[in-house]
Amino acid sequence: MADFQKAPRDVAIVSVTQDPHSRAVVERNEVELIQPIIQRALEQIGVQKGEIDFTCSGSSDYLAGQAFSFVMTLDAVGAWPPIAESHVEMDGAWALYEAWVKIQSGHADTALVYSYGKSSPGDLPLVLSRQLDPYYYQPLWPDAIAMAGLQARQMLDAGLITERRMAEIAYESREAARNNPNAQLQGSPSVDELLAADFVSDPLRRHDCAPISDGGVAVVLAAGDRARNWVDRPAWITGLDHRIDSHNFGARSLTSAPSAKLAAEKAGVGNDKIDVAELHAPFTHQHQLLVEALGLGDNVSINPSGGALAANPMMAAGLLRLGEVANRIMAGEVDRGVATATSGHLLQQNLVAVLEGA
Amino acid sequence: MGNRVAVIGIGQTKHAAVRGDVSLAGLLREAVYRALADAQLTMDDIDAIVIGKAPDFFEGIMMPEGFLAEAIGAVGKPLLRVHTAGSVGGSTAIVAASHVQAGVGERVLTIAWEQQSCSEAMWALSFPIPFQQQLVAGAGGYFAPFIREYMRRSNAPDDIGILVALKDRLNALKNPYAHLHEPDITYDTVKDSFMLWEPIRYSETCPSSDGAIAMVLAGEAAAEASAAATGTPPAWILGTSMRSEPATANGRDQVSPDAGKDCAADVFRQAGITNPRAEIDVVEMYVPFSWYEPMWLENLGFCEEGEGWKLTEQGVTQLDGDLPVNCSGGVLSTNPIGASGMLRFGEAAMQVRGTAGEHQIDGAKTALGQAYGGAAQFFATWVVSSEKP
C-alpha cells in the first residue's frame, strides 16, 4: 500500500461555527437548523458564497426518517447559481476529508463543509440498531447502548478499565463542558454519586453514554495563501487519515481500536508533541480506547470541550472535534492538536486529524 | 489537474429484478472480483475504497458499508461513502478519481450498487409531507411535466421517446449484463405499452434492478504497469465535474438545468474539447425515461436547443450513428439506482478501452459519461480517452 507521506498542498481550517446543542430542536427543521450556522461560518471571516469552490456535507437519512433528506438541506447553502457540491452519508469529518482530497487534487482552493443531525424525532439507540449486519445482527434488535455494553464488559473483565474510571471520565468531560457554551450537558454530580446510579445496560450507567443531541457544525477550508489571507492563524491540517475495522464483532477484539491506531500512525500523531486532543467517544470506555490508540500522554489536554459526552449531534460530533481543536489553534491557545471522528458501532471506523498553527 | 488517473479495471454484476442467488455482500463481491480480475490485481493492491449508493432505506440498512467492509476488502483501509441522489454512481467515481489525483492513493477501488428488490423505490421517491408537497407519483410523475414542456418547446413529434426506448432495449440485447433482454420488442410494442405518466409509457421507463459495478482507478505508473500486464489499454480520465442546484429556485429551468450545462462546459474545458459533437465518439448518459435522451443531448451541448430530438429521429444516436448514445442499453435497460451513474461512467471507459464486447463502437477514442439525480439538480460527468493526456 502506498504510504501518504506529505500532502502536495497546505490546507487549513479557517472558520468553525456551531449553535448550542440541545436534546431536541423542535421548532426548526434541518434546513432551518443548519442555515444560520453556515451563514456565520462565511460571515465571520468575511467570505462570500461565490468564493467557495467546493461544498461537501454529511448527514444520514435514517435520522431524518426520509430518503434523500440531504437534497432538501441543500437549500441551506443557496446553491444558485449552481455550485460544485457533494455529500457523504457519514459524519461531517468524512465530508471534510472529501473536500480536503478535492483541494489536494487541484480541483478547488476553498471548501465549505457542514453536517447536522436531528436525533430527537426517533428512538436513537434503536435507530442505530439498523446500522448493523441485516442478516445476523439486525433481527435481534440490539440497541446501540447494549452493543456498547458488550464492549465495556469485555474491557472490565479484562481489567483494562474500572467502573470508577469510567465514571471519572464522565465527570471530567462534563465538568470541562462548563466552559463550553455550546455543550448540552454542563457539570456533573460527583463520581460517587454517579456510581450509585442504576445501570441502563449493564455495565453502562446513564453517565457512561453520550446525550442524545440535535445540532450541526460548519467549517471552511482554504489552501495556502487563501487561508493566510482570510485568518491570522489558520489551523493547518498536517495529517489526515481514516480507517475501518471489521463489522464482524465476534471476529475482532473489542478491547482495542485498531483502525484509530492505524489512522493515528498514518496521520503522524506521534511525530511531535500534542497539546490538545478532542476525541469522538460516545461512551466513557471508548474514550480510554482512543487515548490508548493515539498514544496520548498525561500532559495532553483531552476533550476540553467536554467531547461527545457533553453533546453528541449525530453526523456532526466528529467534525465538531476537528472544529474544537481548530478553534484553539486559531485563537493561539495551542500549537498542535489531534482530533478524531468515529462512525458505526464500537469504534468500527475512525478518522484522525492533526492540526497545527503557524 | 493533479496526478494523471486512469481506469484500469471494470467489473459489473449480471443485473436483474431480483438477485436472490447472492447475499448483498455477494452481489458486491461479484462486481469487485471482476474489476480486480480485469486489472489483474487483488484486494491487497488497493489503497482506498470509495463506495456509493442511493438512499439507505432502499435496503433497510443504515450506512451499510460498515457491515460490507470486510466483504469488499476495506478492513484496515480508508472507506468513504458518497451519496448524491441519482448521480451518486458518477459522483462516487469522481471522488475516487480525485483520491488518485491528490496522491492519497495509487490504486483506488470504487463501487456503486443498489439492491432495489428489497423495497419499492417508487414510494421512496415520493416524499411525504412535511418534506415537500405530496405527489405520490414516483420519479416518473415528477419528470413527466418537464418532458411535456420539452415537447411543447421543441415541437418534437410524439414518438421520439418510443424511438429512444426501442434503440436502448435493442442495444441491451448486445450487453450480457443488462437487466432487460426483450428480443421481441418492436416500435409497436413500445407504442402499445400502457401509459404510466403521460407522455411516459411503461416501455419508456427504467426498470428496478439489483446490481453493482466496481472500477479500479490508478495513477500513471500503476496504469502503465497494468496495461503492460493485461494488454488492455487504460481509460485515461481527461476531465471530471460535479454541479448541484436547488430543487426549487426562482428562474430555474427544470427542462434544461443550468447545473447540467455548467457541468458539461466544465468537463469539456478540462478535456480540451471545443466541439463535443465532433470530438466525442460515444456517450453514456443517464436516461431513465426515454425523452431524456434528446433533452440531455441539448443540455450537454451536442446540438442547439430544440434540435436534440432530430439527432434521435435521424438515427445519429444509434449504434451505427455518428454519435452513439447508450450502447449498453442504458438506464432504460438496467437501473440499480445507486449504480446507474457509475455504469454510465464505466461503460464509457469500456468503450475507449475496447472491452465493450458486442456493443463496442469500433475505434472509440473519446467517450462521455453523464449522470443526474434529484429533481434534475445533481449532475456528474467525466470524459475518458484511450490516449494519455
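Rule-based calculations on the coordinates, nothing more; no lab input. Please read these numbers as outputs of a predicted model, since none were measured by experiment. Backbone-built Cβ (ideal geometry, glycine too); neighbour counts: all protein chains shown.
Computed quantities for the displayed model
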quantity: Pair A:V26, B:A229: separation of 7 Å Cα→Cβ label points (nm); calculated: 6.1 nm
quantity: Selection from A:Q154, A:I37, B:I111, by position along the positive dipole direction of the protein assembly as shown (Cβ); calculated: A:Q154
quantity: Unit charges on C-beta of K, R, D, E only; dipole of the protein assembly as shown, Debye; calculated: 560 debye
quantity: Cross-link partners of A:K261 among lysines (Cα-Cα below 20 Å; sequence separation of 8 or more within a chain); calculated: A:K6, A:K273, B:K77
quantity: Average Cα contact separation per residue, the range B:251-339, under 8 Å, 6 or more apart, as relative contact order %; calculated: 29 percent
quantity: For chain B, with +1 on Lys and Arg beta carbons and -1 on Asp and Glu, the positive-most of B:Y372, B:L196, B:V325 along the dipole; calculated: B:Y372
quantity: Amide H contacts under 5 Å for A:G239, placed H, 5+ residues apart; calculated: A:V354
quantity: Shielding of A:125-135 by partner chains, average beta-carbon count, 10 Å; calculated: 4
quantity: Efficiency of FRET between A:N248 and A:A196 - r from beta-carbon atoms, R0 35 angstrom, step 0.05; calculated: 0.40
quantity: Cβ-based exposure ranking for A:W230, B:W113, A:W94, B:W197, in which fewest neighbours within 10 Å come first; calculated: A:W230, B:W197, A:W94, B:W113
quantity: Computed FRET value (nearest 0.05) for A:D272 with B:D322, which takes r as the C-beta separation and R₀ as 51 Å; calculated: 0.25
quantity: Proximal aspartates and glutamates relative to B:K388, as straight alpha-carbon distance under 14 Å, when same-chain residues fewer than 8 apart are discounted; calculated: B:E220, B:E224
quantity: Chain A: angle of helix A:92-104 to the longest principal axis, Cα-based, in degrees nearest 10; calculated: 40 degrees
quantity: Shielding score for B:104-110, defined as the mean number of other chain Cβ atoms within 10 Å; calculated: 3
quantity: For chain B, size of Cβ-based charge dipole, Lys and Arg +1, Asp and Glu -1, in debye; calculated: 500 debye
quantity: Sequence of B:I111, A:I52, A:I45, A:I13 once ranked by neighbouring C-beta atoms within 10 Å, starting from the fewest; calculated: A:I45, A:I52, A:I13, B:I111
quantity: Cα-derived Rg over Rh, computed across the range A:294-348 with Rh taken as Kirkwood radius; calculated: 0.97
quantity: Computed FRET value (nearest 0.05) for B:R152 with B:N250, which takes r as the C-beta separation and R₀ as 30 Å; calculated: 0.90
quantity: B:D362 versus A:R40: modelled label distance in nm, points set 7 Å from Cα along the beta carbon direction; calculated: 6.6 nm
quantity: The range A:223-288: trypsin sites (Lys or Arg not before Pro) falling in loop per DSSP and having at most 10 other Cβ within 10 Å; calculated: A:K273
quantity: Distance in nm between pseudo-label sites at A:D10 and B:E120 (7 Å out along the Cβ direction from Cα); calculated: 5.8 nm
quantity: Fewest-first sequence of B:I337, B:I46, A:I212 by Cβ atoms within 10 Å of each Cβ; calculated: A:I212, B:I46, B:I337
quantity: B:G52 long-range amide H proximity, modeled H, under 5 Å; calculated: B:V82, B:I111, B:A112, B:W113
quantity: For a label point 7 Å along the Cα-to-beta-carbon line of B:E304, residues of the range B:255-287 with backbone N under 16 Å; calculated: B:277
quantity: Size of charge dipole - the range B:122-267 - debye, nearest 20, with Cβ of Lys, Arg +1 and Asp, Glu -1, no other charges; calculated: 200 debye
quantity: Residue-averaged beta-carbon neighbours from other chains (10 angstrom radius) around B:238-251; calculated: 5
quantity: Full-stretch length increase - B:M195, B:E182 - with 0.36 nm per residue and alpha-carbon distance subtracted; calculated: 2.8 nm
quantity: Relative contact order %, chain B, counting alpha carbon pairs below 8 Å whose residues are six or more apart; calculated: 26 percent
quantity: All lysines inside 23 Å of B:K191 as judged from Cα atoms, apart from same-chain residues fewer than 8 positions distant; calculated: B:K167, B:K174, B:K310
